[in-house]
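Undergrad: Right, I'll just put the structure down here and ask away after.
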Amino acid sequence: MKKKDFVTLIMSTVGGILFALGMCMALLPEWGAMTQGIVIGVIGAVILLAMILVRRKMDGKPAIVVNGKAIGTTLLGVFGAIVLGVGMCMSMVWNMMVPGIVVGIVGIVALLCLIPVIKGLK
């Protein structure tokens with residue numbers, strides 16, 4: 001295993017666990033740890049963002065690249081993830097099962113559209 005792969009593995013595991021634990025702490029009222037959960041979740045998110053910068057640095061690439069394609073794919077991914085999340089909330093929290101499924105499918109389709117955008121059609 002290459003050094004950059006090992007560093008990515010460790011940082012993504014630690015960041016992912018902290019982020020997930022923070023979300024559980026913040027969103028489960030039985031735990032009563034909203035403030036602490038937000039802090040731990042933010043620490044996990046910062047570690048995950050730092051992992052991206054470290055990985056790009058170890059690959060010899062610039063830390064941040066801004067171009068039209070990167071911005072477009074990022075916006076499409078964020079849109080798809082938010083729409084999918086809203087659909088899940090509609091189905092599970094707001095008791096709107098059928099509209100939630102429809103909205104969730106729209107989010108899944110938006111995320112599936114990322115594949116040809118990123119990989120390109122051949």
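Undergrad: Within the range 107-122, can you find the residues that are open to solvent by 90 Å² or more (accessible area, probe 1.4 Å) and touching a helix residue (DSSP H, G or I) at 6+ places or on another chain (Cβ under 7 Å)?
TA: Ile118
Undergrad: Here are Ser91, Ser12: which of them is in contact with a Gly (Cβ under 8 Å, 6 or more places away or on another chain), among the polar types (S, T, N, Q) and open to solvent by less than 60 Å² (accessible area, probe 1.4 Å)?
TA: Going through Ser91, Ser12 in turn, the sole match is Ser91.
Undergrad: Cβ-Cβ distance below 7 Å, separation of 6 or more or different chains: which pairs start in the range 6-25 with a residue that is of a type outside the set (Ser, Thr, Tyr) and end on one that is surrounded by 15 or more Cβ atoms within 10 Å (Cβ to Cβ) and not in a helix (DSSP H, G or I)?
TA: From the range 6-25, the pairs are Met25/Ala33.
Undergrad: Being aliphatic (A, V, I, L, M), in contact with a Leu (Cβ under 9 Å, 6 or more places away or on another chain), without any contact (Cβ under 8 Å) to a residue 24 or more places away in the chain and closer than 30 Å to Lys3 by Cβ narrows it down to one of Ile43, Ile64, so name that one.
TA: Ile64
Undergrad: Got a sec? Which of Gly44, Gly100, Gly104 is surrounded by 13 or more Cβ atoms within 10 Å (Cβ to Cβ), touching a Phe, Trp or Tyr at 6+ places or on another chain (Cβ under 8 Å) and over 18 Å from Val14 (Cα atoms)?
TA: Within the list Gly44, Gly100, Gly104, the selection yields Gly100.
Undergrad: Checking the structure you have, find out if any residue of the range 53-65 is in contact with a Ser or Thr (Cβ under 9 Å, 6 or more places away or on another chain), open to solvent by 60 Å² or more (accessible area, probe 1.4 Å) and not basic (Lys, Arg).
TA: Yes, the conditions are met somewhere in the range 53-65.
Undergrad: If you don't mind, another one. Go through the residues of the range 67-84 one by one and say whether even a single one is modelled with pLDDT of 85 or more and either charged (D, E, K, R) or more than 16 Å from the chain's Cα centre (by Cα) (or both).
TA: Checked against the condition, which is being modelled with pLDDT of 85 or more and either charged (D, E, K, R) or more than 16 Å from the chain's Cα centre (by Cα) (or both), the range 67-84 yields no hits at all.
The values are calculated or read from the model by the stated rules, or taken from the named source; none is laboratory data. Computed from a prediction, not measured in an experiment: that's the story for all the values here. In this analysis, Cβ positions are derived from the backbone assuming ideal geometry, glycine residues included, and neighbour counts consider all displayed protein chains. Just so you know, the surface numbers come from the protein's heavy atoms only, side chains and all, with ligands and any DNA or RNA stripped out. Shrake-Rupley method; radii C 1.70, N 1.55, O 1.52, S 1.80 Å.
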